[in-house]
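Taking it in order: structure first as structure tokens, then the write-up.
The values are calculated or read from the model by the stated rules, or taken from the named source; none is laboratory data. Treat the numbers as computed from the prediction; the structure is a model and nothing was measured. With ideal geometry, Cβ positions are generated from the backbone for all residues, glycine too; neighbour counts draw on all protein chains shown.
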């Protein structure tokens, strides 16, 4: 990773210009484009020398030999870290948000739907909102689905139809019949029990059982905070469009497949988002993201720390994103939701 001390103020300013111009146009940036757009006094040769230096630091790269340069994940990271104070969205955006909220002030799920839709409309990305609700409800049924290697999905379904999924890694791989038996015994103990009591019961099972049953119960118990704690619900929305120019997410088939997977496995995305609650403004770019399906995306989130709308706002989009305006939008919306 490039240390910020390796970059001079002149080079940092040039990087900002490259990122801003690439976000605006979607085209690899050349010295000629920079000179024309920003009316730079430096010669094209000097500009090329700075671009070459930024490329040698891993902050820019050429998608093709004869093309201009585009930011790398590391370049976007340095750009984001250099943003400093987050601005505010325009008054028109805030008034639009307040107007949309008017009819939903008493309905948290209505707030989530309206907010995620407006975020998507304003950013041309996926709008996200996580709401935190009390730990009410009862256990319906627990399932465990084996995956490749020693990994598995643990799925909790509540009696009222809600679902949570946790991915776990086991010390060894179990035969399906062994897992099925352990899960059956666990369900006999916790089905129908209030969520607030389920973690205690499951811990008791892990102490009472023996052999693989005990091991598997212990694995599930390790996810108790997520499975049985306060309810986290995710609302996400991607506005409809016939133009891939308006929606860069839809241009690349690989990115589109990953997006379909993420939007189809709600519990997977919810787990990622839940880990960001309470962490202020957070930006992860490309390879910084914790799951493979997010490696081609950037995720920007802003926690809502308290009040009736406690939770998280977010944007899932391409790494070529207007980070400054997205961060300002989420911060402004979060401040308004705190006041609800």
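Per-residue answers, yes or no, for (1) assigned by TED's automatic domain parsing to the domain that holds residue 152; (2) under 31 Å from the mean Cα position of the chain (by Cα); (3) free of Cβ contacts under 8 Å to residues at least 24 places away in the same chain:
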site: 175; (1), (2), (3): yes, no, yes
site: 183; (1), (2), (3): yes, yes, no
site: 187; (1), (2), (3): yes, no, no
site: 190; (1), (2), (3): yes, no, no
site: 194; (1), (2), (3): yes, yes, no
site: 211; (1), (2), (3): yes, no, yes
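Among the residues of the range 288-331, count how many are surrounded by fewer than 24 Cβ atoms within 10 Å (Cβ to Cβ), part of a loop (DSSP other than H, G, I, E, B) and touching a residue at least 60 places away in the same chain (Cβ under 8 Å).
Here the count works out to 6.
Looking only at the range 265-285, count every residue that is in a helix (DSSP H, G or I) and within 11 Å of the chain's Cα centre (by Cα) and tell me the total.
Looking only at that region, the number is 7.
Give the residues of the range 117-173 that are free of Cβ contacts under 8 Å to residues at least 12 places away in the same chain and assigned to a strand (DSSP E or B), sorted by residue number.
Matches in the range 117-173: 145 only.
Got a number for residues in the range 78-104 being assigned to a helix (DSSP H, G or I) and either loosely packed, with under 15 Cβ neighbours inside 10 Å or in contact (Cβ under 8 Å) with a residue 12 or more places away in the chain (or both)?
17
Considering each residue of the range 34-55, count those that are within 30 Å of the chain's Cα centre (by Cα) and without any contact (Cβ under 8 Å) to a residue 40 or more places away in the chain, and give that number.
Our first condition is that a residue be within 30 Å of the chain's Cα centre (by Cα); within the range 34-55, this holds for 54-55.
Retained after the next criterion (residues that are without any contact (Cβ under 8 Å) to a residue 40 or more places away in the chain): 55.
Number of matching residues: 1.
I'm trying to understand the selection: among the residues of the range 136-163, which are under 24 Å from the mean Cα position of the chain (by Cα) and surrounded by 15 or more Cβ atoms within 10 Å (Cβ to Cβ)?
Within the range 136-163, 152, 153, 154, 155, 156, 157, 162 meet the criteria.
Quick test for you: out of 253, 318, pick the one residue that is in contact with a strand residue (DSSP E or B) (Cβ under 8 Å, 6 or more places away or on another chain), in the same structural domain as residue 122 (by TED's automatic domain parsing) and more than 29 Å from residue 162 (Cβ to Cβ).
It is 318.
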